[in-house]
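Every number in this text was worked out from the coordinates using simple rules, so none of it is lab data. For clarity, every value in this text was computed on a predicted model and none was experimentally measured. Here the Cβ positions follow ideal geometry from the backbone for every residue, glycine too, while neighbour counts run over all protein chains shown.
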Amino acid sequence: MTNNDSMKIANASQPQSCLKEPEYSLSDWHMGRIHPMPSQIPCGWCLVQLTTVAKLESGHTPSRRQPAYWIGNIPWISLHDSKNLDNDEISETENTIGELGLQHSSARLLPKGTVVFSRTATVGKSTVMAREMTTSQDFANFICGSKLFNRYLAYLFRYMQPEWIRLMAGSTHNTIYMPVFREMKILLPPLAEQNLIARALSDTDALIESLEQLLAKKRQIKQGAMQELLYPKNGWVETQLGNLASISRGASPRPIDNPIWFDENSEIGWVRISDVTKSGIFLHETTQKLSLLGIKNSRLVSRNSLIMSICATVGRPIITAIDVCIHDGFVVFDSLQSDMRFMFYILKSLEDGWSKHGQTGSQMNLNTNLINGTKVSIPELQEEQKAIATILSDMDLEIGAIETKLIKARQLKQGMMHELLTGKIRLIDKGNT
């Protein structure tokens, strides 16, 4: 959270002007609870029925049998716009309707600032209308009154995902039915505090968005660099992967889920495809570890080895930074005749193409003959290989640093939402203290 001259943080356990925080029972708050639920109402907050501070409006779909209803420029929010509901505002929609569609249906033109909530399929997504809009019946819409700040409500809805899961019903699609919203109660801070909470969370969203954009740009630059640096040039030789390494499969203990093969206190990891992320050069840890018996029945691979997945998610390489065992969904490249990091990037450049040549059954897989026979072009001099690998690995380090910042920013936001929306940490306007 950034410093801001207009606000300060106060601990909710030490309220400045509240001798006792009112208590309530579960029966007072049976719908709309925050998870985990605070045991007391924060000082200065109140528990209110949502429809007393916001007008609830439903949506509607004009008849598809009348094409004239769909000729116009009135934005109509539907499930096709779900990805836009993660933004601060929504202003454009995939579909629009016309005045005829509005007149001959129960669709309502809702004012700018209305909070839109997805109550079907993508339950829990919420944002604010940036202009007058309509919605389908898959949404519950709230026109906020003078005591409720719309952006605060949108963030509260997003944070209430566990509650939506509890309240969902329906056999075809998960749905929150409209009577739920009519009966729902929410914890409501003073309006000034709602504004400060929403602003703090919006600042964190802006940080996350900037990191996401930077990450996408860096990945795009790296992709272009790979195409340029790994494209065959004069002095490069064409050969088969089998001529550059001894390629062999791992081994799986059977049955693969027997607990006797595993030991969480072991120092030897067992590589699963979930451990081999799409970015990153080195494997530093695994989610599972093998017992001595498991190691004996698997394939032990020493650190600083190049491995690649060949089943399900095929063609994903990684260099082991620790001693591990691999199952038969991986191959290891031993006795490499080229720079290991360069070979890693050669394999990365082939990753998207493996699925076109793999065998399909219950899942995609590659056999070692196919891998051995795959032709690649490499520089004859290992110094050139190392130079190319260094450029690309430096890019990967930069990308990894941004990914780490993005993970931390998302974790920060999640923690902030819990602290601020439950009143555990208070934001107080300095001008009113």
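The residue list ILE322, SER302, GLN411 was ranked by how far each Cα lies along the charge dipole of the chain toward its positive end, using unit charges on Cβ atoms, and GLN411 comes out on top. Beyond 26 Å, the tail of the calculated P(r) for region 46-188 holds 21 percent of the Cα pairs. Close Lys pairs in region 236-379, defined as Cα atoms under 22 Å apart and 8 or more places apart or on different chains, number 6.
Taking only the Cα atoms of region 236-379, the ratio Rg/Rh comes out at 0.97, with Rh defined as the Kirkwood radius.
The angle separating the long axis of helix 150-159 from the principal Cα axis of greatest extent in the chain is about 50 degrees.
Computed on the Cα atoms alone, the convex hull of the chain gives a volume of 222 cubic angstrom per residue. Taking every DSSP helix (H) stretch of at least 4 residues in the chain, weighting each as -39,500 (n - 2.57) and dividing the sum by the residue count yields a mean residue ellipticity at 222 nm of -10000 deg cm²/dmol.
Bridgeable aspartates and glutamates around LYS112 (alpha carbons under 20 Å apart, same-chain partners fewer than 8 residues away excluded): GLU57, ASP81, ASP86, ASP88, GLU89, GLU92, GLU94, GLU99, GLU132, ASP138. Quick check: the distance between the Cα centres of region 125-203 and region 60-118, to the nearest angstrom? What the calculation gives is 18 Å, centre to centre. Taking the dipole about the Cα centre of the chain, with the C-beta of Lys and Arg at +1 and of Asp and Glu at -1, give me whichever of CYS46, LEU241, THR368 is farthest to the positive side. With unit charges placed on the Cβ atoms, the residue in question is CYS46. The Cα atoms of region 148-215 give a gyration tensor whose axes a ≥ b ≥ c have a/c of 1.5 or more with a/b no greater than b/c, which makes the shape oblate. When the Gaussian network model of the chain links Cα atoms closer than 10 Å, the mean-square fluctuations of THR96, THR135, THR239 top out at THR239. Taking 22 Å as the limit for the C-alpha separation, the pairs LYS218/LYS408; LYS83/LYS413; LYS217/LYS408; LYS185/LYS413 exceed it in the case of LYS185/LYS413. Straightening the chain between PHE262 and SER355 buys 30.4 nm, computed as 0.36 nm per residue apart minus the Cα-Cα spacing. Rounded to the nearest 0.05, the FRET efficiency derived from the C-beta distance between THR122 and ALA387 at R0 = 51 Å is 0.60. Net charge dipole, the chain: roughly 760 debye, given to the nearest 20, about the Cα centre with Cβ charges of +1 for Lys and Arg and -1 for Asp and Glu. Between the C-alpha center of region 328-397 and that of region 284-298 there is a gap of 25 Å. A DSSP coil position with no more than 15 other Cβ atoms inside 10 Å describes the following GluC sites (Glu not before Pro) in region 34-138: GLU92, GLU94, GLU132. Shown here for region 32-83: trypsin sites (Lys or Arg not before Pro) in loop regions (DSSP other than H, G, I, E, B) with at most 15 other Cβ atoms within 10 Å, namely ARG64, ARG65. For region 112-194, the gyration tensor built on C-alpha atoms gives an oblate shape. Its axis ratio a/c (a ≥ b ≥ c) is at least 1.5, and a/b is not larger than b/c. For the chain, the relative contact order is 18 percent, taking Cα pairs closer than 8 Å that sit 6 or more residues apart in sequence and dividing their mean separation by the residue count.
A simple packing score, the average count of other Cβ atoms within 10 Å per residue, orders the peptides 144-154, 38-48 as 144-154, 38-48, with the highest score first. Take every DSSP beta bridge whose two residues both sit in the chain; close to 85 percent of them are antiparallel.
Helix 340-350 and the long axis of the chain differ in direction by around 60°, with both axes built from C-alpha atoms. If you take the beta carbon distance between ASP394 and HIS418 as r and set R0 to 56 Å, what does 1/(1 + (r/R0)^6) give as a FRET efficiency, to the nearest 0.05? FRET efficiency, ASP394 to HIS418: 0.90.
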